[in-house]
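A quick write-up on the structure given underneath.
No lab work stands behind these numbers, since they all come straight from the coordinates. Just so it is clear, the structure is predicted and the values come from calculations on it, not from any experiment. Using ideal geometry, Cβ is built from the backbone for each residue, glycine included, and neighbour counts are taken over all protein chains shown.
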Amino acid sequence: MVSNGGRPNLEPLEFNLNVLEEAFSKLKRSIWVFHLNTGSCNGCDIEVLDVLTPYFDVERFGIKLVGSPRHADLILLTGPVTIKTISKVVRAIKAMPRPRLVLALGSCGVGGGIWFNTYATLGGYPNLEKILKEAGVEVDKVVYVPGCPVRPEAIIYGAAVLLGLLQPKSKHRRVTAVES
Amino acid sequence: MVKFLKMLSISVREGTATRKYPFESPLVTPEFRGKIEVDPVKCVGCGACTRICPPKALTISYEGDEATLKYFVGKCIFCGMCAYVCPQKAITVSREFELATWELGDLYNEVVHTTVKCGICGKSFTTVKLIKEVERRIENKVPEDLLEVCPECRKKLTARKIGSKVVGVSGE
């Protein structure tokens, strides 16, 4: 579906899983992030910038913003993935080296937010995942960070959950309504 | 040349600006709106919150003899409108924002209600608790035969009554 722009496909067809697992186990700190806006309202993008300022300073964990997905371990995906951006998003994620990590930020990134069923958007990362599978792009780990916009602390918390430093607090809860 | 040394005195005076967030409490004000909590004791399953919710993060679905009020945190925009419209004040806005998880299913919260079946067509149309609440609020002034009848059957029933009164026709 997504053309490679005439370049040869550099990804080997049979990927060595042992190498991948080794790389994944080494990925505990100092992850480099690439900020990918897929048509968001810029609320989450401003919060991502907040995280990088000296006030919240994620560089104390070694997290650094890079300008190219080829250098990145993690993609900070904001926005509900508009139809126009699909091809670019798939190309950006494909350009990342394995192991690929994705942090879906904000209500839009997780479930589409208020654009969950419009004609112009996919409605968040879960729907993009199917397209990525069709394009043969594998993502190794995804962490969903709800919030509208996400708090800078929530992004730091999400990154910690992604790296396995913290256990997620959210649990699926199903309760029966009780008579008062 | 040593102009930059001026910075040292300033930094000594001002101290460290950086928050030590994971090791200290977050900067959450009392007005901050986070994840909502639905009280299963107070909730009657009227669905007022599902109608006001802008991203339809709150939905109510009827399946069999169960009505499920589903709250998907992933879609919620934390506007607090549901807590504002709730007639029973069953929804409270908490200050919880550390919601990150790798499992999408963890972001669902559900409250299950038992439903009432229509006395005529047998279709489940509302929750037991809502009918009791309506009865309580209007002090048992509902006609007994209309209380457990779904809106569509009630329409037919009323039309039939009017028909028999005005025209003197009974039946359909």
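Using +1 on the beta carbon of Lys and Arg, -1 on that of Asp and Glu, and nothing else charged, what's the dipole of segment B:29-142 about the Cα centre, debye to 20?
The calculation lands at about 520 debye.
Once you have the Kirkwood Rh of the protein assembly as shown from its Cα pairs, apply Stokes-Einstein at 37 °C and 0.692 mPa s and quote D in µm²/s.
The diffusion coefficient I find is 139 µm²/s.
What is the local net charge at A:GLY43, summed over the other residues whose Cβ is closer than 14 Å to its Cβ (Lys, Arg +1; Asp, Glu -1)?
-2
What is the pair-distance distribution P(r) of segment B:1-83, computed from all Cα-Cα distances in 10 Å bins starting at 0, with each bin given as a whole percent?
13, 29, 19, 13, 11, 9, 5, 1, 0
In debye, nearest 20, what is the charge dipole magnitude of the protein assembly as shown about its Cα centre with +1 on Lys and Arg Cβ and -1 on Asp and Glu Cβ, if you could check?
660 debye
To the nearest whole number, what is the average tally of beta carbon atoms from other chains within 10 Å of the beta carbons of peptide B:69-80?
6
I'd like the FRET efficiency for B:GLU37 and B:VAL167, computed as 1/(1 + (r/R0)^6) with the beta carbon distance as r and R0 of 41 Å, rounded to 0.05.
Approximately 0.15, to the nearest 0.05.
Taking N as the number of residues in segment B:30-172, what is its alpha-carbon radius of gyration divided by 2.2 N^0.38 Å?
1.33
Please report B:TRP102, A:TRP115 as a ranked list, fewest other C-beta atoms within 10 angstrom at the top and most at the bottom.
Result, fewest neighbours first: B:TRP102, A:TRP115.
With a ≥ b ≥ c the root eigenvalues of the C-alpha gyration tensor of segment A:26-162, is it rounded (a/c under 1.5), prolate (a/b larger than b/c) or oblate?
Cα axes put segment A:26-162 in the oblate bin.
State the extension gain, in nm to one decimal, for the chain segment bounded by B:LEU146 and B:CYS121, taking 0.36 nm per residue of separation less the distance between their alpha-carbons.
7.7 nm
Can you list the lysines whose alpha carbon sits under 30 Å from that of B:LYS161, skipping same-chain ones fewer than 8 residues off?
B:LYS117, B:LYS123, B:LYS129, B:LYS132, B:LYS141
In whole percent, what relative contact order does segment A:26-180 give with Cα contacts below 8 Å and a gap of six or more residues?
24 percent
Based on the Cβ-Cβ distance from B:VAL12 to A:HIS172, what FRET efficiency comes out when R0 is 51 Å, to the nearest 0.05?
My answer for the efficiency is 0.55.
Which of the pairs A:LYS26/A:LYS169; A:LYS133/A:LYS169; A:LYS64/A:LYS94 have their Cα atoms more than 23 Å apart in this structure?
Violating the 23 Å Cα-Cα cut-off are A:LYS26/A:LYS169; A:LYS133/A:LYS169.
For the residues B:LYS75, B:LYS70, what sequence is obtained by ranking on other C-beta atoms within 10 Å, fewest first?
B:LYS70, B:LYS75
Quick one: compute the contact order of segment B:29-142, relative version, from alpha carbon pairs under 8 angstrom and 6+ residues apart, as a percent.
Computed value for segment B:29-142: 31 percent relative contact order.
Starting from the 7 Å offset along Cα-to-Cβ, what nm value, one decimal, do you get for the label separation of A:ASN37 and B:VAL28?
With each label point 7 Å from Cα toward Cβ, the separation is 2.9 nm.
Straight-line reach from B:LYS89: which aspartates and glutamates fall under 16 Å, measuring Cα to Cα and dropping same-chain residues less than 8 apart?
Partners found: A:GLU179, B:GLU37, B:ASP39, B:GLU133.
Could you tell me which of B:PHE4, B:TYR21, B:CYS43 has its Cα farthest along the dipole of segment B:1-50 towards the positive end, charges placed at Cβ (Lys, Arg +1; Asp, Glu -1), taken about the Cα centre?
B:PHE4
Once the other residues with Cβ under 10 Å from the Cβ of B:SER124 are scored (Lys, Arg +1; Asp, Glu -1), what is the net sum?
Within the 10 Å Cβ shell, the charges total -1.
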